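These notes concern the structure reproduced below.
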Amino acid sequence: MEILIKNGYVYDPINRINGERVDIAIKDGKIVSTDLIDTRRAKVIDAKNKTVMPGGVDIHSHIAGPKVTAGRLMRPEDHYKVFMRAIPGVRRSGTGRTTPSTNLIGYKYARMGWTTVVEPATPPLETRHTHEELDDIPIIDKLCFPLFDSNWLLLDYIQDKEYEKGAALLAYLLYAVKGYAIKLVAPGAAEAWGYGKGVGLDIDDAIPGYDLTPREIIRGLCRINEMLKLPHTIHVHCNRLGFPGNYETTLKTMDAVSDLASEDRPVIHITHVQFTGYTGWSWDTLGTGAEEIARYMNTHRHVSLDLGQIVFGDATTMTADAPLEFVLHHLAPGKWSGSDVEAETAAGIVPLRYRKRSYANAMQWCIGLEVALLVQDAWRVIPTTDHPNAGRFTRYPWLIAWLMSRRAREKVLKRVNRRAASRAILPTLDREYSLYEVAIATRAAPAKLLGLKHKGHLGIGADADVVIYDIDPKSIDPSKDHAEVTNAFRRAAYTIKGGKIVVKNGEIVKHVYGKTYCLKPCVPHDLLESVVEEIKPKFREWYSVSLENYIIGEHEIRKPEVIPVETLLK
Ligand SMILES: [Zn+2]
């Protein structure tokens, strides 16, 4: 199918197109030169007075895997009222608000114009389950990040400073479970939690059972990541997340790898920084660490961030930071689920509600936006809600309006806890994102940080993931007309995925399946063989499955896109 999108205002930061009228041609699922299109046969879309962008890329959203399933089971009340009816031949049905079912996830992302999503935390042992669910999510392309910070096999090598073997093992495990990047969650905390410890574990605390600190794990995995030349950096949920005063730990974590940056590009991604940007010593004295974090970001280029922006309302927290969930359960008594994954990681789930009237929640809301507005470089700050931890991904249209409009922020500030609003710095911030910056932060930058060369832009050869929003940049002023901006981002005029029109006038019109990206890092045969021989007896002793069954075959994934990676291993 050929498509020609005419007359639209195009925002494509990777190709430095800032609101110019450019026609976009699509053929066989790719962006092509307009003269390759037969205009008599092609489907022509008139995007006059509309905004055209690449499909959105979500760098961090918990959409699949055992903890999402457990979250759904724990919260039947989350599924009573929100549902989508099936339309035979067009779309399937689904339910759920903070933990939507698989079909709803794909549809709701597509309706907003997002076409690629990262599931950012999967226990390697249970990643077969994660892939089965990712396979079932329609429309979007997917990636998943396995958890490696408390993996006994890897920790042994890091403790012995055998980084080359560690890198070979990591490459082996990453391909075995068809993952895409290295995820760390409160490094070492899951291991400490196995001993009933780990609550508030700081970056230089000792990890029971090992002669290691979280700092050494972060540095070890960062070094391994650089040896493997993986397209994304290490993806780090900092220690002491959710604890007042934790911004210092976040700064220490960023600085722990500053000497490992060899080029002018990030070597660490700090995820949902809002949760780790607190001053103060209690929930009542909680303050903002946004200025300190932004100061570091504005003077160092080796770090990228995503926000984990609070959006108020219902949330279901779910994380491999098991000790944190234990603490949350005591702060918000009610349902709590905890889990331990053999020799790898742990996890917990607690439903939460963020309230505008709560001092702490209002402060959290301010901190996320403060970071987004104080960090100058939109290429290194990605707006996320850490779905469903700080809020639902379906609230992105509001988050975009808050970034683009001081008025939109003031409207909320009038209704939040007064003490929080008076102590935050958000009310003093004037900055408003332009549409170009929104296109950077929600599309171009996450694609670039993930190393997805065919995503996040509309240049020739890019994947034909294109979205058309009903925003006329010549007549709409996002600063004033923030409600229009929100509405346009809630329901795209068109979403085109892989060259197929999947959304029209904000409604799903086609059910298709996207790809799952995974990496196959090249490891010299002898090195790989020696490492596999070394781990075999440990695996037999520590795991309930055999190594053969641990490996997920490419054939087990609906549409695998395996990317070979040249490494520095010799
Ligand atoms: Zn997360």
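Just so it is clear, none of the values below were taken in a lab; they were calculated from the coordinates. All of these numbers come straight from a predicted model, not from anything done at the bench. Ideal geometry is used to build each Cβ from the backbone, glycine not excepted, and the neighbour counts take in all protein chains shown.
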Q: Using Cα centres only, tell me the gap between the stretch 203-262 and the stretch 3-58 in whole Å.
A: 41
**Q.** Extended-chain gain in nm, criterion 0.36 nm per residue less alpha-carbon gap, Glu132 and Ala332
**A.** 68.8 nm
Q) When the dipole is taken about the Cα centre of the stretch 354-471, and only Lys, Arg (+1) and Asp, Glu (-1) are charged at their Cβ, what size is it in debye, to the nearest 20? A) 760
Q) Just going by the charge dipole of the stretch 180-239, with Lys and Arg at +1 and Asp and Glu at -1 on Cβ, which of Tyr195, Ile207, Met227 is farthest out on the positive end? A) Met227
Q: Would you mind computing, in nm to one decimal, how far apart the modelled labels at Arg16 and Tyr195 are, each placed 7 Å from Cα along Cα→Cβ?
A: 5.5
Q.
For Lys538, project a label point 7 Å along Cα to C-beta. Then give me every residue of the stretch 221-245 with its amide nitrogen under 20 Å of that point.
A. 221-228
Q) Using the 10 angstrom Cβ neighbour count as an exposure proxy, how do Met297, Met404, Met74 rank, fewest first? A) Met74, Met297, Met404
Q. Distance from the Cα centre of the stretch 466-491 to that of the stretch 354-406, in angstrom?
A. 19
Q.
At R0 = 25 Å, how high is the FRET efficiency between Ile425 and Trp283 if r is their beta carbon distance? Nearest 0.05 is fine.
A. 0.85
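For the stretch 321-370, divide the Cα radius of gyration by the Kirkwood radius and give the resulting Rg/Rh value with two decimals.
On the way: Rg = 13.6 Å, Rh = 12.4 Å.
That ratio is 1.10, to two decimals.
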Q. What FRET efficiency, computed as 1/(1 + (r/R0)^6) with R0 = 25 Å and r the Cβ-Cβ distance, is obtained for Arg355 and Arg407, rounded to the nearest 0.05?
A. 0.65
Q: Please identify every one of the trypsin sites (Lys or Arg not before Pro) in the stretch 220-294 that sits in a loop by DSSP and has no more than 16 other beta carbons within 10 Å of its own beta carbon.
A: Lys229
Q | Separation of the Glu561 and Ser530 label points, Cα + 7 Å toward Cβ, nm | A | 3.6
Q.
Helix-only estimate, please: 222 nm mean residue ellipticity of the chain, summing -39500 (n - 2.57) across DSSP H runs of length 4 or more and dividing by its residues, to the nearest 500.
A. -9500 deg cm²/dmol
**Q.** Ascending count of other beta-carbon atoms within 10 Å, so fewest first, for Thr39, Thr567, Thr127, Thr384
**A.** Thr39, Thr567, Thr127, Thr384
(Q) Amide H of Gly19 versus every other amide H placed in the peptide plane: which residues, excluding those fewer than 5 positions away on the same chain, fall under 5 Å? (A) Val10, Tyr11, Asp12
Q: List the residues whose amide H sits under 5 Å from the amide H of Leu305, counting only those 5 or more places along or on another chain, with H placed 1.01 Å from N in the peptide plane.
A: Ile270, Val381, Ile382
Q. Residue farthest toward the positive end of the dipole of the chain, with Cβ of Lys/Arg at +1 and Asp/Glu at -1: which of Thr385, Met74, Thr495?
A. Thr495
Q | Considering only the chain, percent of DSSP beta bridges that pair antiparallel, nearest 5 | A | 55
Q.
Restricting to Cα pairs below 8 Å that are 6+ residues apart, what does the relative contact order work out to for the stretch 1-113? Please round to a whole percent.
A. 21
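Hey, what did the stretch 125-199 get for relative contact order, percent, Cα under 8 Å, at least 6 apart?
Once divided by the residue count of the stretch 125-199, the mean separation gives 36 percent.
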(Q) Below 8 Å, C-alpha to C-alpha, sequence gap of six or more: please give me the relative contact order for the chain in percent. (A) 21
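Between Asp264 and Arg415, how high is the FRET efficiency from 1/(1 + (r/R0)^6) when r is the Cβ-Cβ distance and R₀ = 60 Å? Nearest 0.05.
Values: r = 42 Å, r/R0 = 0.71.
E(calc), rounded to 0.05, equals 0.90.
With Rg and the Kirkwood Rh both taken from Cα atoms, where does Rg over Rh land for the chain?
Result: Rg/Rh = 0.95.
Would you list Tyr436, Tyr550 from fewest to most Cβ contacts within 10 Å?
So the ranking, lowest neighbour count to highest, is Tyr550, Tyr436.
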